[in-house]
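The values are calculated or read from the model by the stated rules, or taken from the named source; none is laboratory data. These numbers were taken from a predicted model, which means no experiment stands behind them. Methodologically, a virtual Cβ is constructed for each residue, glycine included, from the backbone with ideal geometry; neighbour enumeration extends over all protein chains shown.
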Amino acid sequence: MLFTRRTLLGSAVLTLLAPASPACAEDRDGYVLLEARPGAAQILPPPAPPTKIWGFGGQCPGPLLRVKLGQDIKARLINRLDQPMSLHWRGMRIANEIDGAAGLVQKFVAPGEKRDIKFTPPDAGLYFYQPLIQFHSGEQLGRGLYGAIIVDEPHPLPADAELILILSDWRLDAQAQIVGDFDNPADALRQGRYGAVTSVNSNAKTPPLTYPPGARLRLRLVNASNARLFGLFFDGAAPTIIAVDGQVCDPFEPVRHTIPIGPGARFDVLLDLPQQEGQKIRLILRGETELPDAVALEFLTQGAARPAPVPPPARNANPLLPAEIPLQAAKRFEMVIEGGAQKTTPAGFKPKGEDLRRIWKINGRASSGIDGPPLFSVKKGQVVTLGLVNASLFPLVLHVQGHMVRLLHNLDDGWDPYWRDSVVVPDRQTKHIAFVADNPGKWLFMSAIQEHFATGLAGWFEVT
């Protein structure tokens with residue numbers, strides 16, 4: 001241990017997930033019950049009424065799934081909804097047949113049915129479980145069906161407290177109920193479904209949290225929104241990122257103390273509070289379009305100061321991922337993405353039916369993600385580079401299933417020093433990613449923005 005502190009896995013851990021992470025209900029055979037059903041959440045503070053949601057166990061977020069590296073995750077999905085559903089284990093490099101792509105590699109779970117899911121995560125880190133079934137997962141996610149997963153590393157960095165912060169946004173009416181326009185063409189044509197109410201663990205306003213001066217916090221950040229790209233600004237203290245999308249990285253401080261968190265993205269952050277008593281540190285969600293900034297969380301320093309923490313050390317990279325990607329051996333493919341509203345689109349344009357399902361196209365073709373030929377097919381172990389060409393007027397968030405990717409530099413002089421499972425491609429720009437296709441199966445390449453996924457921005461590739 002680097003210094004004398006309480007450790008992350010000790011009895012002093014604070015997990016800010018109340019009531020979002022109830023004690024995991026388990027069947028007698030040790031399977032955690034993930035029962036998708038209606039429930040309620042107090043998203044807005046009283047006197048606003050509770051919001052009717054869908055949640056696992058009727059709560060949002062659902063149960064925290066936490067295991068040590070090498071242990072099994074055992075979950076029993078029970079569908080109490082009137083829609084089919086499937087579960088995707090975001091960022092986990094697991095076997096293809098349990099990854100959750102309904103219709104591509106497995107059947108969906110029909111209303112009233114259940115499915116047992118068991119696997120051993122290969123990597124430590126922070127992950128996310130969410131619905132993944134085209135035409136339905138946008139509503140299911142937007143109504144609250146999601147949860148966090150932690151696979152604990154053998155030797156976690158010491159900290160005084162751990163907080164799991166699941167960010168989301170909600171489109172609520174005047175009665176604090178979810179607006180049910182999940183097929184709104186305007187969302188699909190533009191940046192996706194945004195809500196004016198932002199929340200942390202389904203609470204729009206969390207009371208300030210008090211810690212001793214100099215305390216070190218480990219923040220586990222997850223973006224559970226349908227579409228919003230959160231810009232999380234740290235006011236009053238400098239954050240240090242220690243993992244991205246579940247994979248450890250050399251510690252670094254984000255530019256302007258702001259972390260851009262796309263839908264489904266995860267960041268592990270160390271936050272060292274000021275040594276002085278009476279200081280205020282705020283986590284601020286930067287506003288977009290006409291939405292104002294919102295304070296997501298506030299910390300206050302009070303009491304006797306802790307000894308100043310030492311800088312976090314460089315951490316060993318995941319040995320199961322390549323230290324280098326030999327780009328000279330890569331097979332190169334281009335994904336040209338077109339669609340959405342154009343400058344010439346008439347005001348009030350509202351596509352319906354099949355036209356609504358074909359708003360977005362990859363290489364000239366709209367897809368459900370499970371039909372037609374693969375976008376590409378490669379042998380196991382092949383290095384792949386993808387040119388992601390965003391020909392639209394809106395930022396895109398693109399997710400590669402079953403693999404971790406490197407974002408290549410625009411000047412072709414290297415890559416970002418961390419792994420990702422999705423990347424943001426600004427409007428009218430091109431980004432390049434590279435990965436080793438080491439996980440056999442049929443994998444989705446898709447938009448992480450649910451409204452784009454549901455309207456054509458999806459395809460699949462094959463590793464044989």
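Filter segment 94-110 for residues that are surrounded by 15 or more Cβ atoms within 10 Å (Cβ to Cβ), of a type in the set (A, V, I, L, M) and out of contact with any Gly (no Cβ under 8 Å at 6 or more places or on another chain) and give the result.
ILE98, ALA102, VAL109 - these are the residues of segment 94-110 that are surrounded by 15 or more Cβ atoms within 10 Å (Cβ to Cβ), of a type in the set (A, V, I, L, M) and out of contact with any Gly (no Cβ under 8 Å at 6 or more places or on another chain).
For segment 24-99, which strands (runs of 3 or more DSSP E) that fit wholly inside it have 3 or more residues that are farther than 22 Å from ILE164 by Cα and either of a type outside the set (Lys, Arg) or in contact (Cβ under 8 Å) with a residue 60 or more places away in the chain (or both)?
73-79
Output the strands (runs of 3 or more DSSP E) that fall wholly within segment 167-235 and possess 2 or more residues being touching a strand residue (DSSP E or B) at 6+ places or on another chain (Cβ under 6 Å) and surrounded by fewer than 19 Cβ atoms within 10 Å (Cβ to Cβ), or say none. Before the answer, list the steps.
Numbers: elements: 197-200, 209-211, 216-223, 230-235.
Because the criterion is at least 2 residues that are touching a strand residue (DSSP E or B) at 6+ places or on another chain (Cβ under 6 Å) and surrounded by fewer than 19 Cβ atoms within 10 Å (Cβ to Cβ), the strands (runs of 3 or more DSSP E) in segment 167-235 that meet it are 209-211, 230-235.
MET85 versus (1) under 24 Å from ARG420 (Cα atoms); (2) touching a Phe, Trp or Tyr at 6+ places or on another chain (Cβ under 7 Å): which is the lone unmet condition?
Going through the list (1) under 24 Å from ARG420 (Cα atoms); (2) touching a Phe, Trp or Tyr at 6+ places or on another chain (Cβ under 7 Å), MET85 breaks only (1).
Tell me which of these PRO426 doesn't satisfy, since it passes every other one: (1) closer than 28 Å to ALA95 by Cβ; (2) surrounded by fewer than 22 Cβ atoms within 10 Å (Cβ to Cβ).
Condition (1) is where PRO426 drops out.
Need the failing condition index for ILE370 against (1) more than 23 Å from ILE98 (Cβ to Cβ); (2) among the hydrophobic types (A, V, I, L, M, F, W, C); (3) at pLDDT below 95, just the number.
Only one criterion in (1) more than 23 Å from ILE98 (Cβ to Cβ); (2) among the hydrophobic types (A, V, I, L, M, F, W, C); (3) at pLDDT below 95 is unmet by ILE370, namely (1).
This table checks each residue for (1) closer than 23 Å to ARG420 by Cα; (2) of a type in the set (Gly, Ala, Ser).
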| residue | (1), (2) |
| --- | --- |
| GLN279 | no, no |
| GLN302 | no, no |
| ALA317 | yes, yes |
| LEU320 | yes, no |
| ALA329 | yes, yes |
| ILE337 | yes, no |
| PRO351 | no, no |
| ASP371 | no, no |
| LEU393 | no, no |
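Looking only at segment 329-379, which residues are within 15 Å of ASN390 (Cα to Cα), exposed (fewer than 15 other Cβ atoms within 10 Å of the Cβ) and small (Gly, Ala, Ser)?
GLY364
Return the residues of segment 390-435 that are β-branched (Val, Ile, Thr) and in contact with a Lys or Arg (Cβ under 9 Å, 6 or more places away or on another chain); say none if nothing qualifies. It would help to see each step written out before you state the result.
Narrowing segment 390-435 to residues β-branched (Val, Ile, Thr): 397, 400, 405, 423-425, 430, 433.
Within segment 390-435, VAL400, VAL405, VAL423, VAL424, VAL425, ILE433 qualify.
Please return the ranges of strands (runs of 3 or more DSSP E) entirely within segment 303-419 where 1 or more residues are closer than 21 Å to ALA227 by Cβ and in contact (Cβ under 8 Å) with a residue 60 or more places away in the chain.
Numbers: elements: 331-339, 360-362, 382-390, 396-400.
Passing ranges, in order: 331-339, 360-362, 396-400.
Of these, ALA176, ALA227, which one is closer than 30 Å to PRO47 by Cα, in contact with a helix residue (DSSP H, G or I) (Cβ under 8 Å, 6 or more places away or on another chain) and of a type outside the set (Lys, Arg)?
Numbers: ALA176 fails: in contact with a helix residue (DSSP H, G or I) (Cβ under 8 Å, 6 or more places away or on another chain).
The match here is ALA227.
Could you check segment 100-136 and list, in sequence order, the residues that are assigned to a strand (DSSP E or B) and within 30 Å of VAL269 (Cβ to Cβ)? Before you say what the answer is, go through the steps one by one.
Of the residues in segment 100-136, the ones assigned to a strand (DSSP E or B) are 102, 106, 109, 114-119, 125-131.
Matches in segment 100-136: ILE117, PHE119, GLY125, LEU126, TYR127, PHE128, TYR129, GLN130, PRO131.
Which residue out of LEU132, LEU141, LEU145 is crowded, with 23+ Cβ neighbours inside 10 Å and modelled with pLDDT under 95?
Values: LEU141 fails: modelled with pLDDT under 95; LEU145 fails: modelled with pLDDT under 95.
After applying the criteria, what remains is LEU132.
Scan segment 259-266 and give yes if some residue there is surrounded by fewer than 21 Cβ atoms within 10 Å (Cβ to Cβ), small (Gly, Ala, Ser) and over 30 Å from THR344 (Cβ atoms), otherwise no.
no
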